[in-house]
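Below is one structure, written out as structure tokens; comments come after it.
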Amino acid sequence: MSAGSTNTRRHWIDAAAFILMEVAALAMVGVSSEVQRTWMGGMAHSVTAFIGGGLENVGRYFHLRAENELLAQQNLALMQMMAGEAESPVLRTEAWTYLPAQIAKHQFKGSHSYYLLDKGSVDGISVNCGVITPRGVVGIVDAVTPHYSYVRSFFSVGMTLSVREDSTGVTGPLVWDGKGRNGACLRSIPHHIVIPPGREIRTSPYSGLFPPDIPLGVTGESRFSKDGTQTIEVALYEEPTRLRHVMVVRQTWRDEIEKLEQ
Amino acid sequence: MNRSVSFLFFLMVLAQVLISYLFQTGPWCVLTLLPAMIFCLPTDRSTLRLMLVAFVSGLAVDFFADGILGLNAFSLVPVALVRRFLLVRLFNEELVTRGESISWRKWGLVRIFGCVLILTALFLLLYVAVDAAGERSFWACLSTFACSLPLDLLLSVPVLLAFLEK
């Protein structure tokens, strides 16, 4: 072994030993003094927040292009929906009311994911409003406070969407596949109906929570279930962890429809 | 370490324990012999060995002097880490590679005290920062540092006289 590589190895060993001893000493300081422990905890949080914030900023910078394209699409969609109510942020079509909102926080953990929106009951949001983007369904409002809304994400166990495939006109329930963040399954499709891969799935006109014809994703492989129906894989368009701007939707005459149904 | 150096080092650790235990100077002054002791250890000792000696002696002082356990060890290990680098820069590389003893006559007062000053300053910076734990202002910490440095240099004189060759 050459003298250079021996020296390099010795430097690495020294560095590792130094870090080890310093960490051990700091740990002992933390254990023996409450003041120092609190201070070190604060420092650790500051460092973590600084690094995390930096990474978040870098990530946002690189997503600006996609974000801008998405906003342009949303603008276009909103302009198309405008019906002479330019002063109000709330936009109405005949059947649906749209309210733009931003995601204040989101959490994707296990089988229950949620978003917090920066709009609440004072903005006209109520429980069971739908939350959408031009490229998919985000979730359903589960709880509201005056200024915030809690939205149960589509990527949660037990969430079902009524969807339609255009070429066949077949409708069925769409559920999260429980694995990734852009995979879903279209279930209970009769066995004689053939839906080839690559067909677009949209929201159906029979949902009371979401407007019809919102594009959601494209079909993939299909398989037969034990109950004799087909389950079709669906690759969703929307990337749920990158969302910033969403729209809360409510059927304009929902109360009237509910009353009628009762 | 040969036996006499080890014994002397042990005595100095005891002296440091007594100083820390008996002279409760509060937050305004830190009395320490430890950086000078690390400086005086034989020059052919590896950095790893020096860091281990620094860690153990720092812990011993903290434990027996009833201080914050780990504080002296935390501040002294970096002193041991940079000692070799400082010896090469301020003295010369042969001193380290040949394991020569540091003598007053050959290297002079200024160079020896300069090196001890840098090591002590490094020790105090770390010690004062962690001891203050964000509870004291920058100026209070600077005052502690400024009070302690000259006193510690004075305390280093007997250590240097005991360890170094004439």
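Setting aside same-chain residues fewer than 8 positions from A:K109, which lysines have a Cα under 28 Å from its Cα?
A:K119, A:K179
Could you compute how fast the protein assembly as shown diffuses translationally, taking Rh as the Kirkwood radius over C-alpha pairs and applying Stokes-Einstein at 4 °C with viscosity 1.567 mPa s? Give it in µm² per second. Each step should come with its number before you reach the end.
On the way: Rh = 27.8 Å.
Rounded to a whole number, D works out at 47 µm²/s.
Given Cα pairs under 8 Å that are at least 6 residues apart, what percent is the relative contact order of chain B?
Values: 210 pairs, mean separation 50.7, N = 166.
Once divided by the residue count of chain B, the mean separation gives 31 percent.
Distance between the C-alpha centers of segment B:1-57 and segment A:189-241? Whole Å please.
Here the two parts' Cα centres lie 74 Å apart.
Using alpha carbons only, how many degrees (0 to 90, rounded to 10) separate the axis of helix B:71-90 from the longest principal axis of chain B?
Relative to chain B, helix B:71-90 is tipped by roughly 30 degrees.
For B:R136, list long-range residues whose amide hydrogen, built 1.01 Å from N in the peptide plane, is under 5 Å from its own amide hydrogen.
So B:R136 has HN proximity to no qualifying residue.
What is the gain in length, in nm to one decimal, between B:V5 and B:R111 on full extension, counting 0.36 nm per residue of separation less the C-alpha to C-alpha distance?
36.0 nm
Using alpha-carbon positions, what is the distance between the centroids of segment B:110-166 and segment A:105-174, in Å?
Value for the Cα centre distance between the two parts: 62 Å.
Bin width 10 Å, alpha-carbon pairs only: give the P(r) of segment B:1-77 as whole percents, running from 0 to the bin holding the largest distance.
All Cα pairs, binned at 10 Å, distribute as 19, 55, 22, 4 percent.
Each residue of segment A:194-204 in turn: what ³J(HN,Hα) in whole Hz from Karplus with 6.51, -1.76, 1.60 and θ = phi - 60°, glycine and Pro shown as x?
Each residue's phi maps through the Karplus curve to give 9, 10, x, x, x, 8, 7, 10, 10, 5, 7 Hz.
Can you tell me the Rg and Dmax of segment B:35-166, counting just the alpha carbons, in angstroms?
Both quantities, over Cα of segment B:35-166: 15.0, 46 Å.
Mean residue ellipticity at 222 nm from the helices of chain A, using -39,500 (n - 2.57) per DSSP H segment of n ≥ 4 over the full residue count, to the nearest 500 deg cm²/dmol? Write down the numbers at each step before the final one.
Numbers: 4 runs with 85 residues, N = 262.
Taken over chain A, the calculation gives -11500 deg cm²/dmol.
Using amide H atoms built in the peptide plane, which far-off residues or other-chain residues are under 5 Å from A:I189 H to H?
A:Q230
Through the Karplus equation 6.51 cos²θ - 1.76 cosθ + 1.60, θ set to phi - 60°, convert the phi angles of segment A:151-157 into ³J(HN,Hα) values in whole Hz; use x for Gly and Pro.
10, 6, 6, 4, 7, 10, 5
I need the phi-derived Karplus couplings for segment B:130-135: 6.51 cos²θ - 1.76 cosθ + 1.60, θ = phi - 60°, integer Hz, Gly and Pro marked x.
Coupling constants for segment B:130-135: 6, 5, 6, 6, x, 8 Hz.
What does the convex hull of the Cα atoms come to per residue for segment A:90-262, in Å³? Walk me through the numbers on the way to the answer.
On the way: hull volume 21.3 nm³, N = 173.
It is 123 Å³ per residue.
Helix B:138-163 versus the longest principal axis of chain B: what angle, 0 to 90°, nearest 10, using Cα atoms?
40 degrees
So what is the relative contact order of chain A, in percent, for Cα pairs below 8 Å that sit 6 or more residues apart? Don't jump to the answer; show the numbers that get you there.
Values: 454 pairs, mean separation 40.5, N = 262.
It rounds to 15 percent for chain A.
Could you give the angle, 0 to 90 degrees to the nearest 10, between helix A:34-62's Cα long axis and the longest principal axis of the Cα atoms of chain A?
It is inclined by approximately 50 degrees.
Each value in this text was obtained by applying a stated rule to the coordinates, not by laboratory testing. Since we're looking at a predicted model, the values are computed, not measured.
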